[in-house]
Amino acid sequence: MAIMMLVFVLSGGFVGGLTGCATSPATGETVPKFISDEQEIAIGEEAAPQFANEFGGEVDDPVLRRYVSRVGGQVAAVSDRDMPYEFYLVRSDVPNAFALPGGKIFITAGLMRRMTNQRQLAAVLGHEVGHVADMHNIQGMQRQMGQSALVKVAQVLGGEKYGSVAGQVTQVVTSMKLLEYSRDQEHTADRLGVRYMTRAGYNPRGMIELLSVLDRLSNEEKSKLGELFRTHPYSSDRIDNVREHIQANETYRRAFTNEPDPKADEFHRMRNRLKDIKPPVKPPDNAREA
Ligand SMILES: [Zn+2]
């Protein structure tokens, strides 16, 4: 009996799963979470290839891929949550960025093409790391799929339970594409993005520049952007939120300057390489992240 109990507890494998709660290392807040970090990582790992395919597949240029990984790695290394972060540049020309549970982060060629310097790239990747660090995406999946379905997916993908891995992956990808973050979560991810990019040595002005790019896109290219801004509208108060946050913190205030980005040339060289990358033939469906 004692052994049976032990097996049960171990197969649960985590305290958070038994209580359904976890503490966010980014904000210190208690969040509902029904699967372990290990399961969360397994979900992301299994779903990443199919998710990349949905957005045209990875850009077939190792130099560009290494560049995005390097900038992403800089903000991930100083994040509040230790996860096996990985960064993917995908071919879709629709501007977007996403974070899967477990730290797999995607940015489209379309978004990179519309940015103008490296600190904007650090800002968007820092924002996505923020969604992972504060566990927004896993909470969103819980809402989308329901707690028990998510636990089952996690158990199958984590190898603890037998079932169709392909079927579970499809469920994850579908729910990620439907995922919506709350306005509060967007603001939090923007603030965490500022935190991580500043820790990594970037001027937090890049976050304001990034949001200005999104603002312009939401006005000028709305029809082309499809679901991104239709279902997940960009809100102009995000810039105010970031400005206030920078003003209120001495470290960010000191790091903020109006100087041009010293890494802009390198970014432009990389962005030029995207000229040779053809977008996928079939325009991909859009998920709802910004
Ligand atoms: Zn976001």
Considering segment 8-55, residues that are under 21 Å from ASP134 (Cα atoms) and of a type in the set (S, T, N, Q), and then whichever is modelled with the lowest pLDDT, we arrive at THR19
Here are some conditions: (1) more than 16 Å from the ligand (Cβ to nearest atom); (2) open to solvent by 10 Å² or more (accessible area, probe 1.4 Å). GLY102 meets all but one. Which one does it not meet? (2)
Give the residue that is farthest from ILE208 (Cα to Cα), with candidates limited to residues of segment 233-273 that are part of a loop (DSSP other than H, G, I, E, B) and in contact with an Asp or Glu (Cβ under 7 Å, 6 or more places away or on another chain). TYR234
Please work out which residue is nearest to SER236 (Cα to Cα), limiting yourself to segment 142-155 and to residues that are free of Cβ contacts under 8 Å to residues at least 60 places away in the same chain and either charged (D, E, K, R) or buried (at least 21 other Cβ atoms within 10 Å of the Cβ) (or both). ARG143
State whether one or more residues within segment 121-144 are within 16 Å of the ligand (Cβ to nearest atom), over 11 Å from the mean Cα position of the chain (by Cα) and farther than 23 Å from SER24 by Cβ. yes
Anything in segment 193-207 that is buried (at least 22 other Cβ atoms within 10 Å of the Cβ) and not polar (S, T, N, Q)? List them, or say none. GLY193, VAL194, ARG195, TYR196, MET197, TYR202, PRO204, ARG205, GLY206, MET207
Within segment 28-52, restricting attention to residues that are closer than 25 Å to SER92 by Cα and among the acidic types (Asp, Glu), which residue is most open to solvent (accessible area, probe 1.4 Å)? GLU45
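Table: residues versus (1) more than 14 Å from the ligand (Cβ to nearest atom); (2) aliphatic (A, V, I, L, M); (3) at pLDDT 90 or above; (4) crowded, with 20+ Cβ neighbours inside 10 Å.
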residue: ALA166; (1), (2), (3), (4): yes, yes, yes, no
residue: SER175; (1), (2), (3), (4): yes, no, no, yes
residue: ARG183; (1), (2), (3), (4): no, no, no, no
residue: GLU186; (1), (2), (3), (4): no, no, yes, yes
residue: ARG191; (1), (2), (3), (4): no, no, yes, yes
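Does GLU209 count as more than 21 Å from GLN139 (Cα to Cα) and either within 16 Å of the ligand (Cβ to nearest atom) or part of a helix (DSSP H, G or I) (or both)?
Criteria met by GLU209.
The values are calculated or read from the model by the stated rules, or taken from the named source; none is laboratory data. Computed from a predicted model, the values in this text were never measured in an experiment. All Cβ positions, glycine included, derive from the backbone under ideal geometry; neighbour counts span all protein chains shown. Note: accessible area is taken over every heavy atom of the protein model, side chains too, but ligands, DNA and RNA are not part of it. Shrake-Rupley method; radii C 1.70, N 1.55, O 1.52, S 1.80 Å.
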